[in-house]
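J.: Handing you this structure, nothing more for now.
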Amino acid sequence: MQRRMLWRGSFLMAAGLFIARIGVAATGAEYQVKAAFIYKFATYVRWPATTGVDVNTPFVIGVLGKDPFGSALSEVVRGQSVQGRVIVIRNIGRPEEALRCDLVFVSSSERSNLQQILAALRGVPVLTVSDVDQFAEQGGMIGLVTTEDDHIRFSINKAAIERPGLRASSQLLQLARIVGDAEADRGRH
Amino acid sequence: MSSSLSIGRQLAWLSVVSSGAALLAASLALLYFQLQEVRSGTLVRLESVTDLIAFNIASAVDFNDAQAATAILSALKTRPAVISAGVVVKGRVFAGYSRPGARVAEGGDLLMTSAASRFKEQELTVYRRISSEGRPLGMLFIRVDLSDIGQTWRRFALITGLVAIPALLIAILISQLPRRAISRPILKLASLAAAVSDRKDYSVRAPTVKSAAEIEQLVITFNQMLTEIQGQHAEIEEARAKLEQRVIDRTRELEARTEQLEERGRELAAANGELEAFSYSVSHDLRAPLRAIDGFSKALLSEYGEDRKLDQRGIHFLARVRAGTQRMSLLIDDMLHLAQVTRRPLERSDVDVTAVAAEVAAELARRNSDRLVRCTIEPDLRASADSHLLTIVFENLLGNAWKFTGLQEDARIDVGQTSAGGEPVFFVRDNGAGFDAAYADRLFSPFQRLHDESEFEGTGIGLATVKRIITRHGGLVSAEGKEGSGATFYFTLGGMS
C-alpha cells in the first residue's frame, strides 16, 4: 500500500526532485536495463547453502525461450561474478534444463507455457525472473514491469522466493511491489 | 589602619581570586570539552545515520529508483538539524532532500570533496560512498545545521555559570575561615601591642589560640618579648629607684654640707669682719703713739741736735728712729686703705677710665719730676665702676709700673683695653723689672714682695688692694711677665650684664 503511494507520489514530485531519467523507450535500451536488473537481482538474493556449490562452479543464468537481450546480458555480466562465482549465460528451451541454472529469465515468448514452467520450478532454488505480465502474481519470483513513464520496476512474490529457501535482501524488497501468490494459486484451480 | 588592606581582607581576596580563577579555568575547560563532545557526538550520530541511509539507499540507486531513494531520504525530516541530503550518481543529483525553507543543495559543491566529513561555519557535511557488493554506485551526503550546538553550548554555559556563582560564594565564605584563624589573632596582637605601649603594662600576655603555626609562633615570640621587656623594665625601674634614692641621699648630704659651709662662711665672715675691725682699730690706734714717737724724735733733733747737745751718733740714731716710724706710718696707712676698700659700699657709675688713668699718671709725674717715663693711655676708655676704687686701682698699678721701671732708661707704660670673651679687659703694661712667672699667683696676696726692699720700696699691700677692689666689682685680675722684661696686669670690672 505504502509502496503504491510512493509510486503515485513520484509523478507529483518528479518536477521538484533530481531524478535521473533513463529513457527506455527503445527496445534495445529497455533490455539493456533489464539485463542489468537481472544481474543485480543476483547480488541481492541469497541462495540456500544446501545447494552445495563451491566458488569454482559457475553461476548459471538461463534464458528460457527466445533471447530478447542480444548481447546486452553478456555485456552486463562480463567480468562480473556472484559471490565469487563466474557468471555463465545459457539459452535453454525446456523447463527441465532450468533446474541446472541458478537464475532463469523466462522470455515473453514462453507466456503461454508459464504455468507449466512455474510448476516445474516450484520449490526449486532457482530465481525466476520475467517481464511477462503478472509474472509474480502468477507464482513467479520477480516480475519486471515497465511504468507509464518508461521506468523499469519490479514485483516480488515473497512466498515464491522463500519457498525453496532463497532470501531476497530487505534492500531489494523495499524497492519492489510485494505480491502474494494467492491469486496465482487461485488461477491454477 | 592606613589605606592598605588588612591581612584578613587580603587573604579573603587572595582566596576569592584564586578560587575564582580556578573556577573560571575549570568552567572554560568544561565548556571546551563539552563543545568538543557535542561536536564529536553530533559527528558520530550523523555518520551512523549516513551509514545507515547509504546502506538502505544502495539498492534504490542500483535499480535506478529515484522515488524510492527520495522516500528514504525524506525520512530525514524527523531530524530537524538536517538541512539537506542528496545522492549523487555520476556527477548528477540522483535524489535529494532539503529541510522545508532551506536552500536546495547544489550539485556542484557536493562533488569536489573526497573527505568523509567537513565542518564549515555552522554546518557539518558528511559524505558516504554508496556501493553494493563492492560496486560503487554513487555518493551520499547529509548536511546538518550546527546552530543547535551553539544552543547546547549556551545552555551549558548558563548551567556552568549557575554552578560557578554559588561555588564562588562558598569560596568567599570559606575565605573567612583563615580570616578568623589568622587575621583575628594578629589584630588581637596588634591591639595588645598598642595597649602595652600606651599603658606601659608589660604584665599582659597574648592568649595562645589555635591558629596557623606561624601565628602561634608569633604569639609565643610576642609573649617572650613581653616577658623580656617586663624583666628589663623592672631592672630599669629598680635602677632608677636606686638612682633616685642616691640622688636624694646626695642632695641631703650636699644640703648638709652646704649648710655647714654656709655656717662656716658666716663664721668666717664674722671672723673676717672682726679681724678687719680689729686691724682697723689697731692701725688707727697705732698711729697716735707712732706720731708721738715721730713728733718727739723730730723735736729732739731740732732742739738738741743743733745745740750740739747730741753728738753725731745720737743724731744718726734719731734719724733712724724717724725713718722707722715713717715707714711704719706708711704701712699703717696702707693697711687702713685696704680695710677701707673692703668696708666701703660699691657705688657704680659710668667712669671715664682714660681720665682717671691720666690723672693718676700726671700726679705720679709731678711727684717724681726727676724721672722721664713715656706713659701712653688709650683714649675714650669707659667702664661701669666705682670711680674712687678705680682710682685706687690705677694708683697702685701705675705706681707699681712707675716704680719697677725705675732702673730702665727708656721707661714706658701703656694703658689700654682688649677684650676676652666679649668682655672688655683693661691692661697696664710696663717694660720694667718684671717678675718670675712662677710666683705670679703670689703677687696678689698681702705683704708678698718679689723684690728686695732696697731695690724697690713698697709695703706689699698694693696688689692685694687691687685684687680686693676688682673682686668686689665681680671682675678678675691677672698678671703676666718675665723677669727683666716688663709686666702686664689685666683686669675686668664685671657688672656687664
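The values are calculated or read from the model by the stated rules, or taken from the named source; none is laboratory data. Because the structure is a prediction, the values reported are computed rather than measured. Glycine also receives a Cβ, built like all others from the backbone with ideal geometry; neighbour counts cover every protein chain displayed.
J.: Any chance you could count how many residues in region B:379-421 are of a type in the set (D, E, K, R) and not in a strand (DSSP E or B)?
T.: Within region B:379-421, the subset of a type in the set (D, E, K, R) is B:380, B:382, B:386, B:395, B:403, B:409-410, B:412, B:414.
Now drop any that are not not in a strand (DSSP E or B), which leaves B:380, B:386, B:395, B:403, B:409-410.
Residues in region B:379-421 being of a type in the set (D, E, K, R) and not in a strand (DSSP E or B): 6 in total.
J.: Being surrounded by fewer than 20 Cβ atoms within 10 Å (Cβ to Cβ) and away from chain B (no Cβ under 14 Å): is that true of A:G165 here?
T.: Against the criterion (surrounded by fewer than 20 Cβ atoms within 10 Å (Cβ to Cβ) and away from chain B (no Cβ under 14 Å)), A:G165 qualifies.
J.: Among the residues that make up region B:52-69, is at least one of them more than 14 Å from chain A (Cβ to nearest Cβ) and free of Cβ contacts under 8 Å to residues at least 12 places away in the same chain?
T.: Step one: list which residues in region B:52-69 are more than 14 Å from chain A (Cβ to nearest Cβ), which gives none.
No.
J.: B:I83 versus (1) away from chain A (no Cβ under 14 Å); (2) touching a residue at least 12 places away in the same chain (Cβ under 8 Å); (3) hydrophobic (A, V, I, L, M, F, W, C); (4) part of a helix (DSSP H, G or I): which is the lone unmet condition?
T.: Single failed check for B:I83: (4).
J.: For B:Q36, indicate whether it is assigned to a helix (DSSP H, G or I), away from chain A (no Cβ under 14 Å) and either crowded, with 17+ Cβ neighbours inside 10 Å or not charged (D, E, K, R) (or both).
T.: On the way: assigned to a helix (DSSP H, G or I): yes; away from chain A (no Cβ under 14 Å): yes; either crowded, with 17+ Cβ neighbours inside 10 Å or not charged (D, E, K, R) (or both): yes.
The answer is yes for B:Q36.
J.: Name, by its number, the condition in (1) more than 14 Å from chain B (Cβ to nearest Cβ); (2) surrounded by fewer than 20 Cβ atoms within 10 Å (Cβ to Cβ) that does not hold for A:L118.
T.: Exception for A:L118: condition (2).
J.: If you don't mind, there's one more thing I want to ask. Might you let me know whether region A:40-47 holds any residue that is at pLDDT below 90 and away from chain B (no Cβ under 14 Å)?
T.: yes
J.: Follow-up question, since we're still on this one. Which numbered condition trips up B:L390, out of (1) farther than 24 Å from B:G474 by Cβ; (2) at pLDDT 85 or above?
T.: Of the numbered conditions (1) farther than 24 Å from B:G474 by Cβ; (2) at pLDDT 85 or above, the odd one out for B:L390 is (1).
J.: If you check every pair at least six apart or on different chains, which have Cβ atoms under 8 Å apart with a residue in region B:273-298 that is β-branched (V, I, T) first and a residue that is part of a helix (DSSP H, G or I) second?
T.: Filtered contacts from region B:273-298: B:I293/B:V321; B:I293/B:T325.
J.: Hey, can you tell me all the residues within region B:187-211 that are part of a loop (DSSP other than H, G, I, E, B), at pLDDT 75 or above and basic (K, R)?
T.: Once the filter is applied, which keeps residues that are part of a loop (DSSP other than H, G, I, E, B), at pLDDT 75 or above and basic (K, R), region B:187-211 yields B:K200, B:R205.
J.: May I ask you to verify whether B:K298 is in the same structural domain as B:M335 (by TED's automatic domain parsing), out of contact with any Phe, Trp or Tyr (no Cβ under 7 Å at 6 or more places or on another chain) and outside any helix (DSSP H, G or I)?
T.: Judged against the criteria, B:K298 is not a match.
J.: Could you please find all residues in region B:128-149 being farther than 27 Å from A:G84 by Cβ, in a strand (DSSP E or B) and more than 14 Å from chain A (Cβ to nearest Cβ)?
T.: B:I142, B:R143, B:V144, B:D145 - these are the residues of region B:128-149 that are farther than 27 Å from A:G84 by Cβ, in a strand (DSSP E or B) and more than 14 Å from chain A (Cβ to nearest Cβ).
J.: Would you tally the residues in region B:308-348 being surrounded by 13 or more Cβ atoms within 10 Å (Cβ to Cβ), among the basic types (K, R) and part of a loop (DSSP other than H, G, I, E, B)?
T.: Looking only at that region, the number is 2.
J.: Just to be sure before I move on: is A:V124 within 14 Å of chain B (Cβ to nearest Cβ), surrounded by fewer than 22 Cβ atoms within 10 Å (Cβ to Cβ) and of a type in the set (A, V, I, L, M) in the structure I sent?
T.: Considered against the rule, which asks whether it is within 14 Å of chain B (Cβ to nearest Cβ), surrounded by fewer than 22 Cβ atoms within 10 Å (Cβ to Cβ) and of a type in the set (A, V, I, L, M), A:V124 comes out as no.
J.: Of the residues B:I248, B:I215, only one is exposed (fewer than 11 other Cβ atoms within 10 Å of the Cβ), β-branched (V, I, T) and assigned by TED's automatic domain parsing to the domain that holds B:D333; which?
T.: B:I248
J.: Evaluate region B:51-58: report whether one residue or more is among the acidic types (D, E), in a helix (DSSP H, G or I) and either modelled with pLDDT of 85 or more or more than 29 Å from B:A212 (Cα to Cα) (or both).
T.: Yes, region B:51-58 contains a residue that is among the acidic types (D, E), in a helix (DSSP H, G or I) and either modelled with pLDDT of 85 or more or more than 29 Å from B:A212 (Cα to Cα) (or both).
J.: Another one. For region B:356-378, which positions are without any contact (Cβ under 8 Å) to a residue 24 or more places away in the chain and either more than 14 Å from B:E395 (Cβ to Cβ) or assigned to a strand (DSSP E or B) (or both)?
T.: Passing the criteria: B:S369, B:D370.
J.: Return the residues of region B:178-193 that are in contact with a helix residue (DSSP H, G or I) (Cβ under 9 Å, 6 or more places away or on another chain) and of a type in the set (A, V, I, L, M, F, W, C); say none if nothing qualifies.
T.: B:A181, B:I182, B:I186, B:L187, B:L189, B:L192, B:A193
J.: So which residues in region B:187-224 are hydroxyl-bearing (S, T, Y), free of Cβ contacts under 8 Å to residues at least 24 places away in the same chain and under 22 Å from B:R9 (Cβ atoms)? Even if it seems obvious, please write down each step before you answer.
T.: Residues of region B:187-224 hydroxyl-bearing (S, T, Y): B:191, B:197, B:202-203, B:208, B:211, B:221.
Within this subset, residues satisfying the condition of being free of Cβ contacts under 8 Å to residues at least 24 places away in the same chain are B:191, B:197, B:208, B:221.
B:S191 - this is the single residue of region B:187-224 that is hydroxyl-bearing (S, T, Y), free of Cβ contacts under 8 Å to residues at least 24 places away in the same chain and under 22 Å from B:R9 (Cβ atoms).
J.: Is there a residue in region B:346-353 that is among the basic types (K, R), in contact (Cβ under 8 Å) with a residue 60 or more places away in the chain and in the same structural domain as B:G399 (by TED's automatic domain parsing)?
T.: Yes, region B:346-353 contains at least one residue that is among the basic types (K, R), in contact (Cβ under 8 Å) with a residue 60 or more places away in the chain and in the same structural domain as B:G399 (by TED's automatic domain parsing).
J.: Does B:R184 qualify as being part of a helix (DSSP H, G or I), free of Cβ contacts under 8 Å to residues at least 60 places away in the same chain and either under 30 Å from B:V87 (Cα atoms) or not β-branched (V, I, T) (or both)? Spell out how you get there, then give the answer.
T.: Values: part of a helix (DSSP H, G or I): yes; free of Cβ contacts under 8 Å to residues at least 60 places away in the same chain: no; either under 30 Å from B:V87 (Cα atoms) or not β-branched (V, I, T) (or both): yes.
Answer is no for this residue.
J.: Scan region A:141-151 for residues that are surrounded by fewer than 20 Cβ atoms within 10 Å (Cβ to Cβ) and of a type outside the set (S, T, N, Q) and jot them down. Write out each step before concluding.
T.: Pass one, region A:141-151, residues surrounded by fewer than 20 Cβ atoms within 10 Å (Cβ to Cβ): A:145-150.
Answer for region A:141-151, where residues must be surrounded by fewer than 20 Cβ atoms within 10 Å (Cβ to Cβ) and of a type outside the set (S, T, N, Q): A:V145, A:E148, A:D149, A:D150.
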